[in-house]
1. What do you get for GluC sites (Glu not before Pro) in the range B:64-172 restricted to DSSP loop and a cutoff of at most 16 other Cβ within 10 Å of the site's Cβ?
2. Determine, from the Cβ-Cβ distance of B:Asp161 and A:Ala159 and an R0 of 41 Å, the FRET efficiency 1/(1 + (r/R0)^6), rounded to the nearest 0.05.
3. What does the charge add up to near A:Asn254, with Lys and Arg as +1, Asp and Glu as -1, over the other residues with Cβ less than 15 Å from its Cβ?
4. Suppose R0 equals 25 Å. What FRET efficiency, 1/(1 + (r/R0)^6) with r the Cβ-Cβ distance, do A:Thr68 and A:Met128 give to the nearest 0.05?
5. With each pseudo-label sitting 7 Å past Cα toward Cβ, what's the A:Asp193-B:Lys133 distance in nm, one decimal?
6. Show the residues, 5+ positions off or on another chain, whose built amide H is closer than 5 Å to the amide H of B:Leu76.
7. Hey, got a sec? Which trypsin sites (Lys or Arg not before Pro) in the range A:102-187 land in a DSSP loop and have at most 11 other Cβ atoms within 10 Å?
8. Each residue of the range B:169-174 in turn: what ³J(HN,Hα) in whole Hz from Karplus with 6.51, -1.76, 1.60 and θ = phi - 60°, glycine and Pro shown as x?
Amino acid sequence: MVTGRHFAILALLIPCALAVQVRGANPGPSAITEQQRGEAVFLDALSIPCPGEVFVALNKACRPNWATLVTPATAPVTTDRSQLALVVGVLAANGYIAVEAQDGQQVRNVGREIMAVAKALGVSQSLMGRGNSLMEFAENNAWEALADELEATENEVKATMVEQKDRNLVVLTSAAAWVMGLKISTGVVQGSDTLQGLEIIRQPDLAKKLASQLGSLPPRIREGALVVAVRQALESAATLLATRGLSPEQERGNLKKINDECSVVVKGILTSSTVASPTPATSLPSPASTNHASSNAVTPVKP
Amino acid sequence: MKIFKTPALFLLGCVIMAMALSAHIVAAPEEQAESEGMKNRVTAVPSEARRLALETAGAFANDGFRTRDGEWSGTLTKGAPLFLQVTLFAGESYWFVAASPMRGGVVRVTVYDSTGKRMKGEQWKEDASGAAKSGARAAAGVAPERSGTYFVAVELLEQPDGSPADFTLVYAYK
């Protein structure tokens, strides 16, 4: 039977318990305003996930067969600085795939190519140590350290771009890395019977933000053929990923479209050009003409 | 004025000042775009705050967390939280760690979803004796169910001398 004494004890204990909980949890305000969200800082180094982060998330959902996704990536011969910045992003993403596949030789190749591109961009001075570390970690199969080093290398290239008043190129590198990430991840999810991993790669806001950043670049950069193509691929991906309530077949169709478009863009980025032209794109290969996009769908390894 | 002893020197000074002013006002379009992009960014890179943040995030490495090679550094004022936009993935776990070298202060990290609602998760903060010894540190751990945009708030709750405090935020994921 509950007596007055019990009530008195409860009355003493409840505030104490609440006090302990609040002190331990120490939560912030329950909500923030639209204005506060609008004022939030957007930092390239933290607000944009690195491709490795996406691949780690995909690993949990559908265990892709990374070894089949490793493709030899050779940096193109070009003097176009915008293209070189895009190449750094694609190569970095390739490096993460090689790390997930635990392919030491490919990581070394990617490291070498990034160094070559950095040299062409004139940002290689501080990167020699990074290159050596990549080689050393690859030889020792230090895969986690390699993933960290790849991100650090990409960030160091970006930091040097900023130091050399080439801040605009940083956006290109991030956008290209994300396009390469989309190419791989949509291929992986498309190859899954149940579209496992679809909710992981559903990041329309990020694609939209990157496209918008490309649109804010100075005209001489944003009107370049490859930059236009990257922006269009991101805008298309943003629209397709934002559409919900579709049937699995429709979702698969959308993923294929994103995969095809991103594949064409990546191919264009890695194609050598002798002209450093900032003219708008009209001559990128079409998905049909490349005839390799559908082969990017990968059957995941069953856990 | 003494420095402008002759009219020629005075005129030269005026020309130089006018040129400097016009260069400042009429910036190149990309410089303007850059400065617009930068207006929301926090400057200052306090290395001690960074060291403390990385040291704290390093503790999560034992649980398989990878710390990203990037940081957000700035200055906090009591009552004026700062926000960072981040992109998180469904199924991943995250720890956001903020640190400040101020002795005896208290910082707080909170994560909000894209609609501005506070996310459920874990909170950790340096106890009073640790904060008095090495500085203020706090962390928030979340595991989002949906991929998308999120917001991380960093606040200065207590500062013994009332002055602004440098901070660095890093994050780890697995």
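1. Values: sites: B:Glu71, B:Glu92, B:Glu122, B:Glu126, B:Glu145, B:Glu155, B:Glu158; in loops: B:Glu71, B:Glu92, B:Glu126, B:Glu145.
For GluC sites (Glu not before Pro) across the range B:64-172 that sit outside H, G, I, E and B with at most 16 neighbouring Cβ atoms in 10 Å, the list reads B:Glu145.
2. Working: r = 34 Å, r/R0 = 0.82.
Working from the Cβ atoms, E equals 0.75.
3. Values: positive: A:Lys183, A:Arg202, A:Arg244, A:Arg252, A:Lys256, A:Lys257; negative: A:Glu199, A:Glu235, A:Glu249, A:Glu251, A:Asp260, A:Glu261.
Taking every Cβ under 15 Å from that of A:Asn254, the sum is 0.
4. On the way: r = 33 Å, r/R0 = 1.31.
The calculated FRET efficiency here is 0.15.
5. Distance between label points: 5.6 nm.
6. Close amide H contacts, sequence-distant or interchain: B:Ala165, B:Asp166, B:Phe167.
7. Details: sites: A:Arg108, A:Arg112, A:Lys119, A:Arg130, A:Lys158, A:Lys165, A:Arg167, A:Lys183; in loops: A:Lys165.
Of the trypsin sites (Lys or Arg not before Pro), the ones in loops of the range A:102-187 whose Cβ has at most 11 other Cβ atoms within 10 Å are A:Lys165.
8. Rounded to whole hertz, the list is 10, 10, 9, 10, 9, 7.
Bear in mind these aren't lab numbers, they're just calculated from the coordinates by the rules spelled out. Here the structure is a predicted model, which is why all the values come from computation and not from measurement. All Cβ positions, even for glycine, are placed from backbone atoms using ideal geometry, and neighbour counts span all protein chains on display.
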